[in-house]
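The values are calculated or read from the model by the stated rules, or taken from the named source; none is laboratory data. None of the values given here were measured: they were computed from a predicted structure. For neighbour counting, all protein chains shown are included, and Cβ atoms are generated from backbone atoms with ideal geometry for every residue, glycine included. In case anyone asks, the SASA skips ligands and DNA or RNA and just uses the protein heavy atoms, side chains included. Shrake-Rupley method; radii C 1.70, N 1.55, O 1.52, S 1.80 Å.
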Amino acid sequence: LQNRGLANYIRTGGEPWTDPSWFSPMIEGVNFGVFTFTFRNCLGGCKEDSVQSREEWILDAVAAIESAASFITVDSSKVIVVGTSIGADAAVDACARLLDSEKATCIGVVSISPGSYLGESFDEKVNEVTEAGIPVKCIAAENDTLSANTCQSVEVEGYESIITEGSAHGIR
């Protein structure tokens, strides 16, 4: 993402993130390590919806956080997890599961368009995470009703709900 000027050479298809103007300016002298992944059986979209696949997707998120935190150039005490749609739920669910783990620590979560899609209660997981002192931000469009309602369902210290105009879901 830091080399996002190359995005047009890497991706095609008219998605907004293929246009470098979609990104905000980089902060001078600040570097970010970004680790992205796709949930198992979800290339092109997560179509299978079973209890088993939802549990596997949470485990995928846990494994992604542990993997990213294990890289030699990563300070594992500074991992922030960001997810969209089912990834928004998985970000909170995985950080909650890692609370007692020594392998990786989430210091913050950003959930974009959550909806308790993975069978875990978003508000309960946010409560677990914020009680551990980990801040959570939730972002949704007002007319993406399920996501907006999910974001607005939580009121605890360390949590912020941001509702934007429109109906776009996820990073759209």
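Results, tabulated for the structure shown:
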{"quantity": "Residue tally, condition under 17 Å from the mean Cα position of the chain (by Cα), at pLDDT 95 or above and of a type in the set (A, V, I, L, M), over segment 155-172", "calculated": "2"}
{"quantity": "Residues of segment 39-54 classified as open to solvent by 80 Å² or more (accessible area, probe 1.4 Å) and either touching a Pro at 6+ places or on another chain (Cβ under 9 Å) or part of a loop (DSSP other than H, G, I, E, B) (or both), total", "calculated": "6"}
{"quantity": "Segment 87-126, residues that are of a type in the set (A, V, I, L, M), farther than 13 Å from Leu59 by Cα and in contact with a Cys (Cβ under 7 Å, 6 or more places away or on another chain)", "calculated": "Val109"}
{"quantity": "Members of segment 21-36 that are open to solvent by 90 Å² or more (accessible area, probe 1.4 Å) and among the hydrophobic types (A, V, I, L, M, F, W, C)", "calculated": "Trp22, Ile27, Phe32"}
{"quantity": "Subset of segment 71-103 [modelled with pLDDT of 90 or more and among the small types (Gly, Ala, Ser)]", "calculated": "Gly83, Ser85, Gly87, Ala88, Ala90, Ala91, Ala94, Ala96"}
{"quantity": "Matching option when the condition is in contact with a Leu (Cβ under 8 Å, 6 or more places away or on another chain) and hydrophobic (A, V, I, L, M, F, W, C), among Ala132, Ala140, Ala148", "calculated": "Ala132"}
